[in-house]
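Visitor: Can you keep this structure in mind? I'll have questions shortly.
Please treat every number below as a calculation from the coordinates, not as lab data. In this text the structure is predicted, and so the values were computed from the model without any measurement. Glycine also receives a Cβ, built like all others from the backbone with ideal geometry; neighbour counts cover every protein chain displayed.
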Amino acid sequence: MITNISCKRLLWMILAVFGSFQFAISQNSNDAKEVTTTYYVKNAFVVQKPGIVLSNTSILIKDGMIKSVGPNIPIPFDAEVIDADSMYVYAGFIDACSHAGVAKKENKDRPKVDNPGNPPKDLAGITPQYTVRAAISDKLDKSMGELRELGFGFVHVVPRGRMLPGQGSVLSTGDLNPSASIIKENVSEFAQFKSARGMFPATTIGVMSQFRDLIKNATYSNNYKAAYGLNPTGLERPKHSEELAALYPVVEKKMPVFFYTPKVKDVNRALILQNELGYNMVLTGVLQGWPLMSSITASGNAVVLSLNLPEEIKDEKDDVDNEEDDKKGDKKSDENEGEKNEDESDVEKVEGDKKDEKKEKPKKKKKPEKEDDPETKMLKERKMKSHDEYVSQAAMFEKQRVNFSFSTLDTKTKDIRNNLLRMVKGGLSENGALAALTTNPASLLGISAIAGTVEQGKIANIFITDKPYFEEKSKIKYLIIDGKVTFNKEEKKKKKKGDGETVELAGTWSYEVEIPGESQSGTMVIEGSGDNLTVSTDSSAEPGDFMDGSNINLDGSTLSFDISIDGMTYSISVDFDGESFEGTVAVGEFGTFPMTGTKKPE
Amino acid sequence: MKKYILSLCAMMIAFTVTAQETGSILIKNGTVLTITDGVKENTDVLIKNGKIEKIGKDLTADRSTQVVDAKGQFVMPGIVDAHSHIALETVNEATNPVTSEVFVGDGLDPQDVGIYRALAGGVTISHAMHGSANAIGGECETIKHRYGTWDPDDLRMKNAPRTIKFALGENPIRVHGEGRNITPSTRMGVEQVFRSAFSEAQLYKKSWTDFNTKKTKTPPHYSRRMETLVDILDGEIIIHCHSYRADELLMLMNVLEDYGVSRLCFQHVNEGFKVAPELAKFGAGASVFSDWWAYKFEVYYSTAYNAAILVRNGVVTSINSDSGELIRHLYHEAAKTQRYGDLTDNEALRLITINPATQLGIGDRVGSIEKGKDGDIAIFSAHPLSVYAIPQMTIVDGIVRFDISNDAQDMRIDIDPEEKFDDTFINLNAEDEERCMQDVYSELFLGETSQSHAGHKH
């Protein structure tokens, strides 16, 4: 590889090490007409519902539905056969509450109102009449696609906003336009303790008060309307209010309030309001609910736990472990662990003369140079304990026999799977986790007839993994949404030039960097397999000059790395999405420039 | 895995230790400052299931009852603070001159370590108040310092009378008049806000009476703001009014007289000494600082003799903290009335026990060591009015909530696993900011902070 290149030109030299790459969204499923709408999943382990695994079972999919599930189904002549021998089939997950597909509102300046004590309802965040249909973007955006790639087949999407943003609907994650994706509309009223900015309600206590006012007035107004409907003679014509009318189904207990209650105080406040006002409620996005476990179970409310978790504090935990174990004199396991760690880091060093410093740093941390003072040590232990409580919350709810679901609100997509695995490690049963992602949310959202299990007659939103889902290295091989294969990892593999099994992105890519006034382009070649992929790039200025990079880091679908040329560092961060990627290149003091790329046909 | 199971077990235990639990405890051989029945040397106090059962010599209790030896120590009723903002997440809903619809009890924060610090000063009850941004602020909550709970409901003192915050003078004028150019821009305007609000509430009440008696058929618009004001007119809520100047004290009493409202306690009341007989005649309480003033223009004409003058004129007087720091040594603050005003020991102690309890409408339940009252006790190493006194133990409903011999370094309840240690130390050591005007600047004037407004914000 050539390293001596003039820095006067901006040359984009990219070298990367890829981990195995799971994201590959077919963007074109709408464009090409399907050859067939009949699929036959052959000889798989079918996880029909939590706890029920059917071996050597096949699934026939037709017209977007699961036609049959069983051991000896005949293969129709027009079926595309998916050989799923030794693979596992799961019902598409159901996200019980999410903002996926709903564009974030821009953080505009605080709106000016004449009377902050009585502002217009929409500015105050009181828009219960809004529907999510109007809020979701024309074409389902990336966040929905990302959830789909994780195995989610259905998402209960609620609008963004403040205290009462509007009503939520259940969408299929198929790559259709939003209107066609809605499978059940206006199933919920979304609520949160989010105050307005600089106007009433500007505080939590204002929100609480306003909520009471609204529900009370909706009740009076609803009753009066009913009385007027029976006999209007001599009665003043009812005044119409969009906001109150939208709350009629809530006060009639026909529509539940999905109250966003991440922390223990939110839970308490939501329970207080519900006790006073009496409506159906779902505690939603619960991140820290265990301290009020008895109140929650006594309330009988449905619970949607957050899939978010505090950042993992693994390293510090190991430290604490070691210290604790030392005290106990139980050194054997500890030593083994230590050896293993060192072995691993050795391996990395051998492999990684090209590898970054970044990855080595955390290893160094593991052996603190000096012991923590008692105060720091105590604080670390408390943090660790708290961390463990968050992680084992789901297990605690399971133990209390609460039927809970999961929500991705506030959860980074790339953390979802790992957080699930952490919760399982924290004591949640695999079946419990599966139920919280399938059957429980299906019944919560009233879609059990069409979703939640791999059974005849349900919408064909399923995914197929190479290993049982909760095994660490399990990967999704096929994704069938709305009866169509939207992701086929096996096929992608065949396209590669006989690389190792785990190669996903190997190939030749073209890239472009937009610099004001000009545009740089070049070629990027990805080679290798598994954790040992390499990428080299040249530029149109000097074709054929390939360069290596450093500080390579793959986080979900985002790859970041640096290349240094003549003392100048180019920091590249790109996000892969199927056959394309986009991101940025930061060039020292020159600024940051957009970078896009597409895969070249082989 | 083992660790997870362990922490699971720990949590299961934690669930069970909630609710408004009560305990039994026998305090032996202390000098008991009963407040209402003199000082009793070498006397025992037996608390059973949260209530004081016996006061006397050589008391015994069953084996399950914890026994505390208070020999050489002083046993007094738990201190009551009639003006505080601890355990609150939000203090001011400053968007309107009248916000009687809000209730700070909706924003309780039982994880506030300030509660524990108050306990460490012998304080067992505080009055969690709305701030003073509005002429008519929100309803307040009387809380018992049952620190250690996650559930805000555990803090509430059940069946304590409802109270509400009013405010006179510069604060509402600054926020609404200067801040937004609406009424009140003057002290006259503040009076008008009260009169308008009460008059509207009278009409509101009538409109609902007419509807409920079927005189009218269309339900009026329901308004919590008006509902609360009606309850004030009906005598169900005690007004606690932020105030300084004598003319304004008289003004509010006149307004309330016109509307037939009599339950009133003034807060701060720095010029109360000028109109003490008038306060006594109205039956208004006065909750004051011992010696704190000159933090804004209307608070210059003040004296440390204020409390003593009010007491001698028959006004039910208390000394409050309005601060997460002062609340830790209210017994010192009470002692200052002996230096300035020569109050007796018992008069001084009444300022932080039975008197504030009376002002909060809970004088029949707490504030003195009497049979049948709540088992709220503070034990001191020396007489609590001595500068050498150190709080030893604080008991709420018969349960030890602070014990100097078992005082862990980190008493926080809610630990953020993502918090950086530097932040932890900063938070732990942070001085409590004055909170009477909390939320006002951040909510209303983007870019301005309370710090940029020099001076005290009471």
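Visitor: Less than 15 Å Cβ to Cβ from A:A218, Lys/Arg counted +1 and Asp/Glu -1: what total charge do the surrounding residues give? It would help to have the intermediate numbers written out before the result.
Guide: Values: positive: A:K121, A:R212, A:K216, A:K225, A:K239, A:K253, A:K254, B:R224; negative: A:E189, A:D213, A:E242, A:E243, A:E252, A:E276.
Charge balance in the 15 Å sphere: +2.
Visitor: How large are Rg and Dmax for region B:106-209 when calculated on the C-alpha trace, in angstrom?
Guide: 17.6, 50
Visitor: If you don't mind, another one. From the phi angles alone, apply the Karplus equation (6.51, -1.76, 1.60; θ = phi - 60°) to region A:455-465 and give each ³J(HN,Hα) in whole Hz, x where the residue is Gly or Pro.
Guide: Ordered by residue, 3J(HN,Hα) equals 9, 4, x, 8, 4, 7, 10, 9, 9, 10, 10 Hz.
Visitor: For region A:119-225, what D do you get in µm² per second when you plug the Kirkwood radius from alpha-carbon pairs into Stokes-Einstein at 10 °C and 1.306 mPa s? Show your work: numbers first, answer last.
Guide: Values: Rh = 15.1 Å.
Value of D from the Cα-based Kirkwood radius: 105 µm²/s.
Visitor: Expressed in nm to one decimal, what extension gain is obtained for the pair B:Y305 and B:R339 from 0.36 nm per residue of sequence separation less their Cα-Cα distance?
Guide: The B:Y305-B:R339 span can extend by a further 11.3 nm.
Visitor: Which whole number gives the average, over all residues in A:226-236, of C-beta atoms from other chains lying within 10 Å of the residue C-beta?
Guide: Numbers: counts 0, 3, 2, 0, 0, 0, 0, 0, 1, 2, 3.
Partner-chain Cβ atoms within 10 Å, mean over residues of A:226-236: 1.
Visitor: Another one. Measure up A:K225/B:K165; A:K104/A:K254; A:K412/A:K600; A:K385/A:K412; A:K216/B:K206 against 27 Å on the Cα-Cα distance and list the ones that go over.
Guide: Values: A:K225/B:K165 37 Å; A:K104/A:K254 29 Å; A:K412/A:K600 30 Å; A:K385/A:K412 23 Å; A:K216/B:K206 19 Å.
Beyond 27 Å: A:K225/B:K165; A:K104/A:K254; A:K412/A:K600.
Visitor: What FRET efficiency would be calculated for the residue pair B:F425, A:N43, taking the C-beta separation as r and a Förster radius of 51 Å, to the nearest 0.05? Kindly include the intermediate steps, with their values, before the conclusion.
Guide: Values: r = 61 Å, r/R0 = 1.19.
E(calc), rounded to 0.05, equals 0.25.
Visitor: May I pose another question? Just checking the output field for B:136-143: average partner chain Cβ neighbours within 10 Å of each residue's Cβ?
Guide: Working: counts 0, 0, 4, 2, 0, 0, 0, 0.
For peptide B:136-143, the averaged partner shielding equals 1.
Visitor: To the nearest whole number, what is the average tally of beta carbon atoms from other chains within 10 Å of the beta carbons of peptide B:82-95? All intermediate terms of the calculation are to be shown ahead of the outcome.
Guide: Numbers: counts 0, 0, 0, 0, 0, 0, 1, 5, 8, 2, 4, 11, 7, 16.
That average works out to 4.
Visitor: Hey, another quick one. Explain nothing, just compute: Karplus ³J(HN,Hα) = 6.51 cos²θ - 1.76 cosθ + 1.60, θ = phi - 60°, for every residue of region B:411-421 in order, whole Hz, x for Gly and Pro.
Guide: 9, 5, 9, 9, 9, 7, x, 9, 5, 7, 4
Visitor: How far, in nm, would the chain grow between B:H221 and B:L250 when pulled straight, counting 0.36 nm per residue and subtracting the alpha carbon separation?
Guide: Details: separation 29, 0.36 × 29 = 10.44 nm, distance 3.42 nm.
Roughly 7.0 nm would be gained on extension.
Visitor: Which percent, nearest 5, of DSSP beta bridges in chain B are antiparallel? Numbers along the way, then the final one.
Guide: Working: 33 of 62 bridges.
Counting DSSP beta bridges with both partners in chain B, the antiparallel share is about 55 percent.
Visitor: For region A:242-309, what class follows from the C-alpha gyration tensor (a ≥ b ≥ c being the square roots of its eigenvalues): rounded when a/c is under 1.5, otherwise prolate if a/b is larger than b/c, else oblate? Could the numbers behind the result be given before it?
Guide: On the way: a/c = 2.34, a/b = 1.74, b/c = 1.34.
Judged from the Cα gyration tensor, region A:242-309 comes out prolate (a/c at least 1.5, a/b above b/c).
Visitor: With a 10 Å Cβ neighbour count serving as the proxy for reagent exposure, in which order, fewest first, do B:T124, A:T131 appear?
Guide: On the way: B:T124 29, A:T131 17.
Least to most surrounded, the residues fall as A:T131, B:T124.
Visitor: For A:K105 and A:K142, what is the calculated FRET efficiency with R₀ set at 22 Å and r taken between the beta-carbons, to the nearest 0.05? Mind dumping the intermediate values first?
Guide: Working: r = 17 Å, r/R0 = 0.79.
For R0 = 22 Å, the calculated efficiency reads 0.80.
Visitor: Which residues' amide hydrogens lie under 5 Å from the amide hydrogen of B:A120, considering only partners 5 or more residues apart or on another chain, with H built in the peptide plane?
Guide: Counting only residues 5 or more places away or on other chains, the set is empty.
Visitor: May I pose another question? Compute the signed sum of charges (Lys and Arg +1, Asp and Glu -1) over the other residues within less than 10 Å, Cβ to Cβ, of B:N320. Show your work: numbers first, answer last.
Guide: On the way: positive: none; negative: B:D81, B:D322, B:E333.
Local charge sum for B:N320: -3.
Visitor: Let me have the relative contact order for region B:15-74, percent, based on Cα pairs under 8 Å that are six or more residues apart. Let's see the in-between values first.
Guide: Working: 114 pairs, mean separation 23.8, N = 60.
Reported as a whole number, the value is 40 percent.
Visitor: Take the eigenvalues of the Cα gyration tensor for region B:299-345, scale each by 5, and report the square roots as semi-axes in whole Å, largest first. Walk me through the numbers before you get to the answer.
Guide: Details: eigenvalues 65, 36, 21 Å².
Output for region B:299-345: semi-axes of 18, 13, 10 Å.
Visitor: Rounded, prolate or oblate for region B:16-87? Axes are the square roots of the Cα gyration tensor eigenvalues, ordered a ≥ b ≥ c, and the cut-off for rounded is a/c under 1.5.
Guide: Since a/c reaches 1.5 but b/c is at least a/b, the shape of region B:16-87 is classed as oblate.
Visitor: Could you please report the charge total around B:S287, scoring K, R as +1 and D, E as -1 over all other residues with beta-carbon less than 13 angstrom from its beta-carbon?
Guide: Working: positive: B:K165, B:R350; negative: B:D81, B:D322, B:E333.
Spelling it out: positives minus negatives among the neighbours equals -1.
Visitor: How do A:147-160, A:376-389 rank on mean C-beta neighbours within 10 Å, highest first? Display every interim value, and only then the final one.
Guide: Details: A:147-160: 25.6, A:376-389: 18.8.
Those peptides, ordered most packed to least, come out A:147-160, A:376-389.
Visitor: Given H placed on each backbone N at 1.01 Å, which residues far from A:L171 in sequence or on other chains put an amide H within less than 5 Å of it?
Guide: For A:L171, whose amide H was placed from the backbone, the distant partners under 5 Å are A:V155, A:H156, A:V157, A:I183.
Visitor: By how many nm would the segment from A:E252 to A:S571 grow when fully extended, if each residue of separation counts as 0.36 nm and the alpha-carbon distance is taken off?
Guide: Values: separation 319, 0.36 × 319 = 114.84 nm, distance 5.67 nm.
Net length gain for the segment: 109.2 nm.
Visitor: Residue by residue, what Karplus-based ³J(HN,Hα) values in Hz, rounded to whole numbers, does region B:110-118 have, using 6.51, -1.76 and 1.60 with θ = phi - 60° and x for Gly and Pro?
Guide: Taking θ as phi minus 60°, the curve returns x, 8, 5, 5, x, 5, 5, 5, 5 Hz for region B:110-118.
Visitor: Could you tell me whether chain B comes out rounded, prolate or oblate from its Cα gyration tensor? Rule is a ≥ b ≥ c as square roots of the eigenvalues, rounded for a/c under 1.5, then prolate if a/b exceeds b/c, otherwise oblate.
Guide: Details: a/c = 1.58, a/b = 1.36, b/c = 1.16.
Prolate.
Visitor: Taking the 0 to 90 degree range and rounding to the nearest ten, how far is the long axis of helix B:187-212 tilted relative to the main principal axis of chain B, both from C-alpha atoms?
Guide: On a 0 to 90 degree scale, this one is about 90.
Visitor: Separate question: Averaging sequence separations of C-alpha pairs under 8 Å and six or more residues apart, then dividing by the length of chain B, give the relative contact order as a whole percent.
Guide: Working: 1054 pairs, mean separation 92.3, N = 458.
Across chain B, relative contact order equals 20 percent.
Visitor: Between A:K112 and A:T596, what is the label-to-label distance in nm when each label sits 7 Å out along the Cα-to-Cβ direction?
Guide: Using points 7 Å along Cα→Cβ, the separation is 3.9 nm.
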